[in-house]
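What follows is a single structure, written as structure tokens, with notes after it.
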Amino acid sequence: MAFYSMRFTPGDRILTGMVEYASNYIAYLHVASRTGASVEAIPNDEHGQISIDALRRAIDGRVKLISLTHVPTNGGLVNPAAPVGRVARTAGIPFLLDACQSVGQMPVDVETIGCDMLSGTGRKYLRGPRATGFLYVRGAVLDRLEPPFLDLHAATWVAPDRYVVRPDARRFENWETNYAGKIALGVAVDYALALGPIRDRVYALGGLLRERLRATPRVQVHDQGAERCGIVTFTVDGIDAAAVQEQLASRRINVHTSSQSSTLLDMQRRGLTKLVRASVHYYNTEGEIDRLVGAVASLR
Ligand SMILES: Cc1ncc(COP(=O)(O)O)c(C=O)c1O
């Protein structure tokens, strides 16, 4: 909703990163093909995260948006959102951050990051229901955003030929909504806030799992970035990622897989087709990590 609320004209530039999620990139390409704007992925630095120097060098008067994935779907990388925010602020360019993978496992503060728009989902580290999520929009950019569709909740019909759009971020909502889902998302958020900071625990468990997997024969760990979170991705030589998932599931260990088309730029660049993704949370134990690593070591 936030991205489709922006207006682009021919020659405008949309800057993004190498690990952008398919749903975001498809939307960029869609809008670019309609408007004549261009989409450019800023290269990575030596850590495999967005290069702040390259981003700075790419800035000119035609850049109308910086839109970035905070934590990708295919790895533990945490992109340096706050330095990107400083570049965006200095240049006066709106900054949209996709925090779907980061919210719930680390502090995410729109003031520290300096983003103008931020999207989050309920179904990942917040452990809320599927198909719930939220959008933050800074008041200062609100007037520049026209939602792609409006109804009587987003706007008021004030004269036969006129409506007035709401002055707040509810302009991105609709009248009809899934109240049960929203209440459940609120419960998940309250739960997360009551837990307090869990980042150190999640990062430590992720780090331990990576270290143990690296020491396991036939296993390659694929996470990049100077800062790595609780998402751990790996492959096992000679065993397809889907088969790894299936065999682990039979031992009551839940992992997921991540395919090339979800983060096409990054996966193609690294020559990867499919990864196994294990996401640890604060409640996982060192014993469970042992069990996972042992199960991976015994895969056939
Ligand atoms: C980076 C990123 N953004 C957005 C999403 C989408 O979240 P949802 O499908 O809950 O909207 C995902 C899901 O994997 C993701 O990895």
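Points to keep in mind about this one:
- Number of positions in region 99-128 that are within 16 Å of the ligand (Cβ to nearest atom) and surrounded by fewer than 18 Cβ atoms within 10 Å (Cβ to Cβ): 2
- Residue 131 vs. criteria within 16 Å of the ligand (Cβ to nearest atom), closer than 23 Å to residue 147 by Cα, surrounded by fewer than 24 Cβ atoms within 10 Å (Cβ to Cβ) and modelled with pLDDT of 95 or more: yes
- Residue within region 195-204 that is open to solvent by less than 70 Å² (accessible area, probe 1.4 Å), modelled with pLDDT of 95 or more and small (Gly, Ala, Ser) present: yes
- Summed over region 216-250, the residues that are in a loop (DSSP other than H, G, I, E, B) and closer than 30 Å to residue 107 by Cβ give a count of 8.
- Lone qualifier among 26, 50, 66 - being open to solvent by 30 Å² or more (accessible area, probe 1.4 Å) and without any contact (Cβ under 8 Å) to a residue 60 or more places away in the chain: 26
- Condition met for residue 4 (closer than 22 Å to residue 258 by Cβ, within 16 Å of the ligand (Cβ to nearest atom) and open to solvent by 20 Å² or more (accessible area, probe 1.4 Å)): no
- Count of residues meeting criterion [part of a strand (DSSP E or B) and closer than 12 Å to residue 12 by Cα] in region 27-79: 7
- Listed by position, the strands (runs of 3 or more DSSP E) inside region 123-166 whose residues that are within 19 Å of the chain's Cα centre (by Cα) number at least 1 are 133-137.
The values are calculated or read from the model by the stated rules, or taken from the named source; none is laboratory data. Source: prediction; values computed, not measured. Neighbour counts are summed over all protein chains in view; Cβ atoms, including those assigned to glycine, are modelled from backbone coordinates with ideal geometry. Accessible surface areas use protein heavy atoms only, side chains included; no ligands, DNA or RNA. Shrake-Rupley method; radii C 1.70, N 1.55, O 1.52, S 1.80 Å.
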